[in-house]
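Below you'll find the structure, written out as structure tokens, and then a few comments.
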Amino acid sequence: MLWNTQLIQKYNISGPRYTSYPTAPQFNSSISKLSLIEEMLTPSNKPLSLYFHVPYCAKLCYYCACNKVITSNYKKGDEYLELLIEEIRLKSLMLSNEREVQQLHFGGGTPTFLSVEAFKKLISYIKQEFNLLSDDKGEYSIEVDPREVSLEKLEALRELGFNRLSFGIQDFDKRVQTTINRIQSYELIDSLMQHSRQLGYHSINFDLIYGLPYQSVESFKHTLNQVIELDPDRISVFNYAHLPKRFASQRQIPEDQFPDTDTKLAILKLCIDMLTSAGYQYIGMDHFAKPKDALAQAQNKGELKRNFQGYTTHANCDLLAFGTSAISQIGNTYVQNHTATKDYRKSIENGQLAIMKGYMSNRDDQIRHKVIMSLICNFELDSSDVESEFNIVFSNYFKNELSELRKLEEDSIIELTNEPNLHIKVTDSGRLLIRCICMTFDKYLNNVISYSKVI
């Protein structure tokens, strides 16, 4: 990848992360819930991806923008478990139990807030209603707060079928950790990593964040050296988005201690240089993976896809989601659960699906989804693939967009060729700006919604 500071500064605008298209702000609360349910009931033989959102956290991390509930009352987890079980029962009635569950993911919040007994009960019920793979070949993952997981819990989760872990690291610098209220030692992570490897987890991911207060190039270099030494299979390096008007916890972060724009860019460049030199493949956006990891292999084969959990290796799955704020994607239909726990609880206790809003993609949405996902996953697009699937003439359909693309071509962000079909290829300099390229095809963009910067 080529680093071009001038281009990055020019195109470092705000925009969606495109875990879906249309993106979540387009979901509509006035849409007929009956229509959404009818779409979900459409028979299909597609395999499934299941997502479970656990909103509870014992401690507040000031930077966090996730849907969460802060409590030290662990009985809340047991109460929430019963709601999840009832939602499983309701949704399992809509689908064939023969459809394979190729992916299972627990996110939050803090999924490991739940007790081992709660996990045993929940997984048992999931197995009862859905076709979980028993050969350890599915991608069954869970997000882990290192402060909220014991060695015994890691062992129990592995025995229950989880084979992938994602540790929230953020930064190893003590001053940064104290400022964002996320204190966890290198020694703790090292111990958890060694134990996870011994237990046979297939893949371990680290989440890092740059742009936090008191970070410098030198301090983050030290963190990266420690990360490389711990040797995770995947690494995500997220740009911190400071939106205190939307997320109250972020108001506790001292705004006068943020690194300036030049320092943030220097930290990102450092991440790319150090991680690629250490043998990691740059996947896209903010993701890196070892060449033998399934994520890198899928990208090399042109099979990488993207959904609400980020990049994924399982392309042809319907996503069925459970818990507060969770978003399902069944075919071309999106359905989001209530974000407030009280509203979610009320619906489930009344024997109803906890639908807050949704969206049914029209033909134009589907065409643009194809284009955006091809670009963001594989950094190229052959127009003939879109033309044959949707029976359109690409150059006519996207006449206005092609005019914008030529401006990107002039800046060497993309290359356009026309032999024998129009082909869009993202250059090495353009890879970091992939969100800007995708935005060209997004007809819903406006200045009302606040997004994070693309870099």
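Every number here is computed from the coordinates shown, using simple stated rules; none is lab data. Please read all numbers here as calculations on a predicted model, not as lab measurements. Don't worry about glycine lacking a Cβ; one is built from the backbone with ideal geometry, like all the others, and counts go over all protein chains shown.
Jot down the per residue volume, in cubic angstrom and as a whole number, of the convex hull over the alpha-carbon atoms of the chain.
Considering the Cα atoms of the chain, their hull volume per residue is 145 Å³.
Taking only C-alpha pairs under 8 Å that are 6+ residues apart, what is the relative contact order of segment 16-118 in percent?
After rounding, I find 41 percent.
Hand me the trypsin sites (Lys or Arg not before Pro) from segment 43-86 located in a DSSP loop with no more than 15 other Cβ atoms within 10 Å, in residue order please.
On the way: sites: 59, 68, 75, 76; in loops: 59, 68.
Within segment 43-86, the qualifying trypsin sites (Lys or Arg not before Pro) (loop, at most 15 other Cβ atoms within 10 Å) are 59.
Measure up 91/120; 68/453; 68/174; 91/425; 10/443 against 31 Å on the Cα-Cα distance and list the ones that go over.
91/425
Give me the distance between the Cα centres of segment 160-190 and segment 313-371, rounded to whole Å.
For segment 160-190 versus segment 313-371, the Cα centre distance is 30 Å.
I need the phi-derived Karplus couplings for segment 161-174: 6.51 cos²θ - 1.76 cosθ + 1.60, θ = phi - 60°, integer Hz, Gly and Pro marked x.
With coefficients 6.51, -1.76 and 1.60, one gets x, 5, 10, 9, 10, 10, 8, x, 9, 6, 6, 8, 5, 5 Hz.
With an 8 Å Cα cut-off and a minimum separation of 6 or more residues, compute the relative contact order for the chain in percent.
In percent, rounded to a whole number, it is 21.
Tell me which residues come under 5 Å, amide H to amide H, from residue 307 once H is placed; ignore anything under 5 positions away on its chain.
Close amide H contacts, sequence-distant or interchain: 312.
Volume per residue, Å³, of the convex hull around the alpha-carbon atoms of segment 133-220?
Roughly 95 Å³ of hull volume per residue.
Roughly speaking, what is the centre-to-centre gap between segment 59-86 and segment 1-50 when only Cα atoms are used, to the nearest Å?
25
Hey, rough spin-label estimate for residue 342 and residue 14, points 7 angstrom out along Cα→Cβ, what's it come to in nanometres?
Simple spin-label model gives 2.9 nm for this pair.
Quick one: dipole size for the chain, taken about the Cα centre, charges +1 on Lys/Arg Cβ and -1 on Asp/Glu Cβ, in debye to the nearest 20.
980
Helix-derived [θ] at 222 nm for the chain: sum -39500 (n - 2.57) over DSSP H runs of at least 4, divide by residue count, nearest 500?
My calculation for the chain gives -11000 deg cm²/dmol from helical runs alone.
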